[in-house]
Amino acid sequence: MSARDETIGFIGLGAMGRGMAANCVRKGFKLVVHDIRPEPVEALVELGATAAKDIADLARQCSIIITVLPSGKEVTEIVMGPGGIFDHAKPGTLVMDLSTVEPETTDRLHEEARRRGFRAVDAPIGRLAWHAERGESLFMVGAEPEDFERVKPLLEAMGTTIHHCGPGGTGTRTKLVNNYLAIISCQLNAEALALAQRFGLNLEKTLEVIHGTTATNGQLKINWPNKVLAGDTTPGFTIDLAHKDLSLIIGAANATRVPMPVAAAAREAFSAARARGYGNQDFSAMVDVLCDLVQVERARLKKQD
């Protein structure tokens, strides 16, 4: 069976989930939605989705259920907890979790699904909220081949790049590796540009040099010119979320006896940023944190005429 022929549940309509759910509706999927906030539910209903009364109502209606939730705690409660999805879903229901969570939570999701006659896919999201709005997300998928084929039309409706990383759990673990590099790059860029500002260097010329050497990276070259360097720190991915992911990464590394001293140092830098009130800003604003700390002008590119 293909997702095109099924009723799809969607739980979690935050910055990422709302855009992805909207793309599913626009591309012809029959969607039933739920969120603790009424506003995004109402917006999806206006596009053609159906609102569920509660988790149980959604689970009874749908044969594929997508979850985009803040942490493993919510995934555990909403999917596997008392009164959750597994308590009300039909046999054969597939839960596809797009959240970034601990590998242990993902492993338990797959184990509980098998034990109770359901199917599970972990497919955490790459890229940012504006990619989700435009249907340009990237997905790292952990699934059995037949489950991957079942959800692939949904992933194609929400994104442009889909990687089947292997069996259950590989999507979540790939996401942690990816986010480690993305977040660490953010901290390195912040320190480098704060140093350049202290030196009084021309930002445009400094970036021209960096982008011509192996020092460059995707955050600095692709993301930052559209975010903090343009003066936009509205969150695509917040400092709070980056801190959460670094904590997940360090925890998973500790569990597998992989030392990560750079990750630990970066997490403390993000902790300091949160303590100073920057937590709800885009994670590229880490350069503002450092510039403000050392009292130099914030790094900004000159606006083009």
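The values are calculated or read from the model by the stated rules, or taken from the named source; none is laboratory data. On a predicted model such as this, the values are computed, not experimentally measured, just so you know. Cβ coordinates were reconstructed from backbone atoms using ideal geometry, including for glycine residues, and neighbour counts include every protein chain displayed.
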Q: Scan region 241-283 for residues that are assigned to a loop (DSSP other than H, G, I, E, B) and surrounded by 14 or more Cβ atoms within 10 Å (Cβ to Cβ) and jot them down.
A: 260, 278, 279, 280, 281
Q: Give 103, 91, 40, 70 a once-over and let me know the one that is closer than 20 Å to residue 177 by Cα and modelled with pLDDT of 95 or more.
A: 103
Q. Filter region 25-76 for residues that are out of contact with any Gly (no Cβ under 9 Å at 6 or more places or on another chain), outside any loop (DSSP other than H, G, I, E, B) and among the hydrophobic types (A, V, I, L, M, F, W, C); which is surrounded by the most Cβ atoms within 10 Å (Cβ to Cβ)?
A. 75
Q.
Can you tell me which condition residue 121 does not meet? The list is (1) touching a Phe, Trp or Tyr at 6+ places or on another chain (Cβ under 9 Å); (2) over 17 Å from residue 173 (Cα atoms); (3) not in a helix (DSSP H, G or I), and all the others hold.
A. (2)
**Q.** residue 169 touching a Pro at 6+ places or on another chain (Cβ under 8 Å) and either at pLDDT below 95 or on the phi > 0 side of the Ramachandran plot (or both)
**A.** yes
Q: Inspect all residues belonging to region 82-94 and state whether any of them is closer than 30 Å to residue 256 by Cα and outside the structural domain of residue 280 (by TED's automatic domain parsing).
A: yes
(Q) Looking at region 109-136 only, could you name the residues that are under 19 Å from residue 31 (Cα atoms) and under 16 Å from the mean Cα position of the chain (by Cα)? (A) 121, 123, 132, 133, 134, 135
**Q.** Matching entry among 225, 235 (being in contact with a Leu (Cβ under 7 Å, 6 or more places away or on another chain) and either under 19 Å from residue 130 (Cα atoms) or among the polar types (S, T, N, Q) (or both))
**A.** 225
Q. Is there any pair with a first residue in region 181-204 that is within 13 Å of residue 284 (Cα to Cα) and a second that is surrounded by 14 or more Cβ atoms within 10 Å (Cβ to Cβ) and aromatic (Phe, Trp, Tyr) whose Cβ atoms are under 7 Å apart and which are 6 or more apart or on different chains, and what are they?
A. 183/283; 186/283; 189/224
**Q.** Test set (1) under 24 Å from residue 76 (Cα atoms); (2) in a loop (DSSP other than H, G, I, E, B) - residue 112 fails condition number
**A.** (2)
Q: Tell me which residues, restricted to region 263-305, are modelled with pLDDT under 95 and aromatic (Phe, Trp, Tyr).
A: none
**Q.** Subset of region 226-240 (residues that are at pLDDT below 95 and surrounded by fewer than 16 Cβ atoms within 10 Å (Cβ to Cβ))
**A.** 226, 234
